[in-house]
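Written out below as structure tokens is the structure these notes cover.
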Amino acid sequence: MAAPVVATSGVLCRALRAGFCRPHGARLLRQAARCLSPGTPAPRAPTGPPAPLPEGLRLLRGFLTPQEEQALLLEVEGALKRVRYEGGHWDQAIHGFREIEKSQWTEQNAKILQRVRDVAFPPGVPQLSLVHVLDLKADGYIKPHIDSVKFCGSTIAGLSLLSSSVMRLVSEQNKDDWADLLLERRSLYILGGRARYEFTHEILKDEDSVYNGERVPRERRISVICRNLPDKGTPYALGTPPENIDPASRL
Ligand code: OGA
Ligand code: MN
């Protein structure tokens, strides 16, 4: 059964950012403190060996054909070029980026995105109709954070275009519990369950971009990300944040 896709009136990525990187009130400041590792502008190298990947993480390599990647790029580049890159402040989660949200797609690309939604989201879970498109410069990177539980539900599904990269997941409870994930160009990753709520995720800088001892050169990378809406009524696996999430960030 196809899940409902919900139209939102707000601007998704601004709302997500407001949750973790544009604090301007005490409440948002608390959220920022929870979502970003404090005072760590550069990703810290974990000391111990990596742990197995956390529950709830899925990676589908080669999800897109090169032709599908080109079709998506053609459409998102047209919209992105009207937006300026942002440098990013020290307390922002993302550096060297620009972003848009899109709800209207060509028929070909809408079909690809429906394929993403069909594999990523549990049936019947209301999804955000806006798709988040994030363009990271070659020297851009994403600091460790957890997407706002106020604005985003149980599942985050991201396509990687143009460049491979390394995503690092670190347990909030135990920094020694970490794992790296190679996000190959044209793959789809799905963050759900513990991986979504209990681990920070980050995209490593080019200079730190190494996977299993091999360099993964970071070029300009565009991600196309689908999310679902928070749903307080569903069991944990489908979306209710675990009890240890800061109550200030609950809906
Ligand atoms: C985000 C994020 C990851 C990606 O925008 O919150 O973590 O794949 N993006 O770009
Ligand atoms: Mn994120």
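For the reader, a short list of remarks on this structure follows.
- Answer residue from segment 78-99, given it is outside any loop (DSSP other than H, G, I, E, B) and free of Cβ contacts under 8 Å to residues at least 60 places away in the same chain and is surrounded by the fewest Cβ atoms within 10 Å (Cβ to Cβ) among those: G78
- Sole exception among (1) under 16 Å from the mean Cα position of the chain (by Cα); (2) more than 11 Å from ligand 1 (Cβ to nearest atom); (3) charged (D, E, K, R); (4) assigned to a strand (DSSP E or B) for D139, by number: (1)
- Of all residues in segment 61-75, exactly one satisfies the criterion of being aliphatic (A, V, I, L, M) and free of Cβ contacts under 8 Å to residues at least 40 places away in the same chain, namely L74.
- Number of residues in segment 100-137 that are buried (at least 21 other Cβ atoms within 10 Å of the Cβ) and at positive phi: the value is 0.
- Flag if R186 is within 13 Å of C226 (Cα to Cα), at pLDDT 95 or above, more than 14 Å from ligand 2 (Cβ to nearest atom) and in contact with a Phe, Trp or Tyr (Cβ under 9 Å, 6 or more places away or on another chain): no
- Scope segment 62-77; condition more than 15 Å from ligand 1 (Cβ to nearest atom) and in a loop (DSSP other than H, G, I, E, B); matching residues: G62, T65
- The residue that is farthest from F97 (Cα to Cα), among those in segment 110-129 that are at pLDDT 95 or above and either within 14 Å of ligand 1 (Cβ to nearest atom) or part of a strand (DSSP E or B) (or both), is A120.
The values are calculated or read from the model by the stated rules, or taken from the named source; none is laboratory data. The structure displayed is predicted, hence computed values, not measured ones. We place every Cβ from the backbone using ideal geometry, glycine too, and count neighbours over all the protein chains shown.
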